[in-house]
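Before any comments, here is the structure.
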Amino acid sequence: MSVLKFAILAATLLPLSSYATLGGAPSAGASSQSAPRAMQSVAGASAAGAARAASYTLHQSIDANGVTIREYVLPGNVVFAVTWDGPIRPDMTALLGSYFPNYVSAGHSRARGTGPLIDGNDDFRVESAGRLGRFFGMAYLPRLMPAGVRPGDLQ
Amino acid sequence: MNTLNKTLRVATVAATVILTACGAGGGDGQGNNSVSWNATPDWVGNSPGNSGNSNNDGNSAGIKTESDNTVPIRVDNSMGNLNMLSASITVCVPGQPGRGQCVTVDNMLVDTGSTGVRIAASALQSLNPKLLTQIGALDDTTGAFPIAECMPFASGFTWGSVKRADVKIGSRTASNIPVQVMGDGAFTTPSDCTAHGGADYSTARSLGANGILGIGHGVHDSKDALTTAIPGNYYYCPSANSCVSTRVKAEKQVMNPVAAFSADYNGTIIRLPAVPASGQASVTGELIFGVGTQANNALPADANIFTVDTYGFLTTHYQGTAFNYSAIDSGTNVYAFADSAIPTTSDFYTPASALDLSATIEASAGSGAPLAVPFQIENALNLAATGNAAFNNVGASMSSGRWFLWGLPFFYGRSVYTVIGDSKIGTLTGPFVAF
């Protein structure tokens, strides 16, 4: 009986806590809204003028604490970027998965007092701003960013 | 190859920036590293502060006022990074006036972007165990367990016990107020704190300061914790290894020390001299207590006044975008905003030559007149090469279309007024920021 009760509880909680994981598959939360995005890439010199159409899908959900989570998903079902916006910072271990340590080490890269975090490298980049009551941030994998998508497009 | 060389050179300079930034460390245990403050810097001109009387001439705030309402504040290379504004405080055991149970803590980061006093346990030395333990969390049915806090900041968190202490700043004392003792090791950091917080800034070295002097618009530090046990904020701790997320009443939350003063408690002014475009090695200014209570803290008739929202935000318009999460924040050491047209190096703006920019500030509710504010962005690599600590033209590149932070560069050459809560000054009601 108690096993059954636990199963029901877990089923209730899961959609709320199952974020996407950066670098992995997006969340399957029923509350997600999906909207395909098409971007016309800017033809780079190496692309020899052949403009490719890069596309991604945007999944949006709101977690149990009222934080809006947006997952940017490649056609291959891999999350290449996430953003958050809400009264607290979301559970970053769930959101960033194996990239959580990258976020922590970015935070320690220099002493920055109470100011925002803007840091990273070619593998992982993070921006985190806010104060108690209102937090925003984004994390993305530059190597997986579709051509023509800029950090400023992630909101 | 040419590009590679350039990249390498840039990388070398960037590494130098970081080394310089880390060089001085946090100054753990150096509480007696006294700086000879210039109590009356010459740039203040003929503003004597007060004439020693307390009959409240020009007091438009209608609150008690006392003489001696200024303390020196400073920017120099002793902090962990550039543009970090610091003050010295004295922390004492409550209830024992004159008994010498005090420690002076310098290199406290002066932060109008947060509320509350947070001190690294290392800087308190042997005083820490003598401070009073804060108990009585709202969700603690015993009412007896110690309260600890995980304070989330923009980029990381601080974790440690909430204790009560007397906090002296200059001649003023905030008596018996809850403060956070960061990194005291009393309780294991809860997993929620780390998961929502990220990097742990509880030590002087990781924070770049011996603590935070949070003198923002709030009286208490967590409006949301009054009603909700937020993950990664307040906890009560039945044992060293188990802390439970909880709501905490206002009077038991870590608080703004200025709001606890017996006089001039309605706000502060940060008054810093102007600095040249190449920066300055050090800057000494004044932190003034009270707004509109006496001659040296009166709001000028031509002051620009902007109401802020519950969280201290106003709106800034820049190049066609309205950034509604915008703040004038002494705890942010750069102008942080999005402009993809400006080149960057390691996330700092590094334009080929100095840029004259302008953004327009307006109140959070859009009420009142907007004001165009000019500012400059210089190449951060050139600035770092000077070895100076105080710059009015350093910027960092944020991608968000909603955040625009007027950090410490904005404060040089200005008096910036931060009014606490719903204080009334003449016909004005807080919270607002003015300059």
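Taken together, the values in this text are just the output of simple stated rules run on the coordinates, not laboratory data. What you see is a predicted model, and the numbers here were worked out from it, not measured in a lab. With ideal geometry, Cβ positions are generated from the backbone for all residues, glycine too; neighbour counts draw on all protein chains shown.
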Number of partner chain Cβ atoms within 10 Å, mean per residue of A:93-105: 2
Cβ neighbours within 10 Å from other chains - mean over B:392-403: 5
Distance histogram in 10 Å bins (all Cα pairs of the range B:149-279, percent per bin): 12, 38, 33, 13, 3, 0
Farthest positive-ward along the range B:233-318 dipole, Cα basis, beta-carbon charges - from B:VAL244, B:SER278, B:ALA301: B:VAL244
Karplus (6.51, -1.76, 1.60) ³J(HN,Hα), θ = phi - 60°, over the range A:73-89, in Hz, Gly and Pro reported as x: 10, 6, x, x, 6, 10, 7, 9, 7, 9, 10, 9, 7, x, x, 10, 7
For B:THR173, residues with placed amide H under 5 Å, excluding near neighbours: B:SER262
Centre separation in Å (Cα based) which lies between the range B:124-155 and the range B:183-242: 10 Å
The range B:297-434 - charge dipole about Cα centre, Lys and Arg +1 at Cβ, Asp and Glu -1, debye rounded to 20: 120 debye
Difference of contour (0.36 nm per residue) and Cα-Cα distance, B:ASP302 to B:ASN176: 41.6 nm
Low-density loop positions, trypsin sites (Lys or Arg not before Pro), the range B:188-259 - DSSP coil, at most 12 other Cβ in 10 Å: B:LYS249
Dipole magnitude (debye, nearest 20) for the range B:65-260, charges at Cβ of Lys, Arg, Asp, Glu: 300 debye
Three-way shape label, the range B:297-434, alpha-carbon gyration tensor, a/c 1.5: prolate
In nm, spacing of pseudo-spin labels at A:ALA147 and B:ALA322 (7 Å Cα→C-beta vector): 3.7 nm
Within chain B: Cβ-based charge dipole about Cα centre, in debye rounded to nearest 20 (Lys, Arg +1; Asp, Glu -1): 460 debye
HN-Hα J in Hz across the range B:307-324 - Karplus 6.51, -1.76, 1.60, θ = phi - 60°, x for Gly and Pro: 5, 10, 7, 3, 9, x, 9, 10, 10, 10, 9, 9, 6, x, 10, 9, 8, 8
Alpha-carbon radius of gyration plus Dmax, which is the widest Cα pair, for the range B:65-260 in Å: 15.7, 48
Chain B - mean residue ellipticity at 222 nm from DSSP helices (-39,500 (n - 2.57) per run, n ≥ 4, rounded to 500): -2500 deg cm²/dmol
Segments B:207-220, B:293-306 sorted - mean Cβ within 10 Å per residue, highest first: B:207-220, B:293-306
Under the Karplus curve 6.51 cos²θ - 1.76 cosθ + 1.60, θ = phi - 60°, whole-Hz ³J(HN,Hα) for the range B:383-398, x wherever Gly or Pro sits: 5, 4, 5, 6, x, 6, 10, 10, 10, 9, 9, 9, x, 10, 8, 9
Long-range tail of P(r) for chain B (Cα pairs > 34 Å, %): 30 percent
